[in-house]
């Protein structure tokens, strides 16, 4: 039990042992419990666990502990099925039944909109509340023939030498300590054999891994991408030099072992940095871009380009956004933060005109190429600018799109973006957000008296099963329409 002093709230002692029940869980995988009213976070626990914890770090109002013993396991606890789960830290929920994970994520989104956004929320199927907003059930990654495993079409494996051997794997949580793992339950099943053979061949050829401490060595990362609809497989080798000893044989032997590879590119990153990709990429074999099909459109994806890692769930996410928009075929659609155009171009069969805005020049060029690839350039316009700049310029130019789809980064929208959206006065704003907290904040701003919108409904979508992220799609309409 916690130590008690007369007239003072109970306090915990570092390295002390305490019994508690896990009552909640954060998205980064920490169970939440209270010990004599003091909040503790304990990793690798599940709601319903009765545990004895060891207090390892104590702050003024909360602390962190580790499991000393699970006294009574939660009914939601399962076998993770991954040999490096505890060391890797890449998955937050692998030890939790997937239905419970979805419940926690849905609750996180609801809490963001009620507590941070100040919205009155009711659930679909319940009696509507006056002034309330409808929250629809979360779209899980195991529905409609989908799986919560092996869904990732992209993998980045750091490379390092451990005990004189070249190894691939993943960094331990909050570190650059490599945990060897040539396969992963979340990655596409075609990736593991390619990684194993790449490591084997590179070691035979004595190509050294890059050492972050000394700055010496060659191989930094192995970056894989797969077109889930086309089956194309791209390999990107990240190295410190454009040419290195053994480069040709490495490529030849890897293609011989895996003829399904459609392209091998080399990204050159000589900088002493933890940024994965450098500025220059050259093609060593096959094509320098991956092709995939998504919602009936064809896309070319450069190694540096953003493309949703869970294409199946991304399709459901975007379709939900399109359904919220209620397209009739006559709309002008503005796609802010458009990337390579995957959202806007996928919506194009349902709208009349598309304008896309993106700050990354290479992504804008890819969006234009993808429009050409699909024969829709005459109905599209993409330009490179910061979203706030572009939104302001479009508003000043008198553009009044019928629908704006905004897919901001985790930090959410700048206030200038929200102000310019209001100035353009679209009938509907559909937001697709990877951060429920900033989504709730931005929705609150757009729905204030100054901006004049109303949040109609929203829905959580689990794009990243077993990991601590959740997407949210929202529909806001202009008041008085």
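Computed from the coordinates by the stated procedures, all read-outs in this text should not be read as laboratory data. These numbers come from a predicted model, not from an experiment. Don't worry about glycine lacking a Cβ; one is built from the backbone with ideal geometry, like all the others, and counts go over all protein chains shown.
Could you pull the Rg and Dmax for the chain, using just the Cα atoms, both in Å?
For the chain, the Cα radius of gyration and maximum Cα-Cα distance read 24.6, 78 Å.
Would you mind computing, in nm to one decimal, how far apart the modelled labels at residue 411 and residue 287 are, each placed 7 Å from Cα along Cα→Cβ?
Here the answer is 3.5 nm between the modelled labels.
Test of understanding: ordering 108, 472 by Cβ neighbours within 10 Å, fewest first, what list do you get?
108, 472
Which value, in Å to one decimal place, does the Kirkwood hydrodynamic radius take for the range 231-333 when every pair of different Cα atoms is included? Spell out each step's value before the answer.
Numbers: mean 1/r = 0.0614 Å⁻¹.
That comes to 16.3 Å for the range 231-333.
Out of all DSSP beta bridges in the chain, what portion is antiparallel? Express it as a percent rounded to 5.
Antiparallel: roughly 65 percent of the beta bridges in the chain.
Sequence gap at least 6, Cα distance under 8 Å: using those rules, report the relative contact order of the range 154-294 to the nearest whole percent.
With pairs under 8 Å counted, the relative contact order is 21 percent.
If eta is 1.306 mPa s and T is 10 °C, what Stokes-Einstein diffusion coefficient results for the range 338-395, Kirkwood Rh from Cα pairs, in µm²/s?
The calculation lands on 141 µm²/s.
Please give the per residue volume of the convex hull enclosing the alpha carbon atoms of the range 3-77, rounded to a whole number of Å³.
Working: hull volume 5.9 nm³, N = 75.
Convex hull volume per residue, Cα atoms: 79 Å³.
If you project the alpha carbons of the range 17-123 onto their three principal axes, what span does each projection cover, largest first, in Å?
Reported extents, whole Å, longest axis first: 41, 36, 24.
Once you place label points 7 Å from the Cα toward the Cβ at residue 56 and residue 211, how far apart are they in nm?
About 2.9 nm, to one decimal.
Hey, can you rank 181-187, 51-57 by average C-beta count inside 10 Å, highest first?
Peptide ranking by packing, descending: 181-187, 51-57.
Kindly rank 438-449, 115-126 from highest to lowest mean number of other beta carbons found within 10 Å of each residue.
Order by mean packing, descending: 438-449, 115-126.
If only Cα atoms are counted, what is the Rg of the range 375-456, and what is its Dmax, in Å?
Values for the range 375-456 (Cα only, Rg and Dmax): 12.9, 42 Å.
Could you work out how far the C-alpha centroid of the range 270-312 sits from that of the range 184-242, in angstrom?
Taking the Cα centre of each part, the range 270-312 and the range 184-242 sit 14 Å apart.
Please report the spacing between the Cα centers of the range 428-476 and the range 249-269 in Å, no decimals.
Here the two parts' Cα centres lie 41 Å apart.
Tell me whether the range 329-481 comes out rounded, prolate or oblate; compute the Cα gyration tensor, take square roots of the eigenvalues as a ≥ b ≥ c, and use a/c under 1.5 as the rounded threshold.
Numbers: a/c = 1.56, a/b = 1.17, b/c = 1.33.
Oblate shape, in that a/c is at least 1.5 and b/c is the bigger or equal ratio.
Largest first and to the nearest Å, give the Cα extent of the range 170-250 along each principal axis.
Projected onto its principal axes, the Cα set of the range 170-250 covers 40, 35, 20 Å.
Going by Cα centres, the range 76-103 and the range 339-366 are how many Å apart?
36 Å
So if I take the alpha carbon set of the range 154-294, get Rg, then get Rh from the Kirkwood formula, what is the Rg over Rh ratio?
Using only Cα positions, Rg/Rh for the range 154-294 is 0.93.
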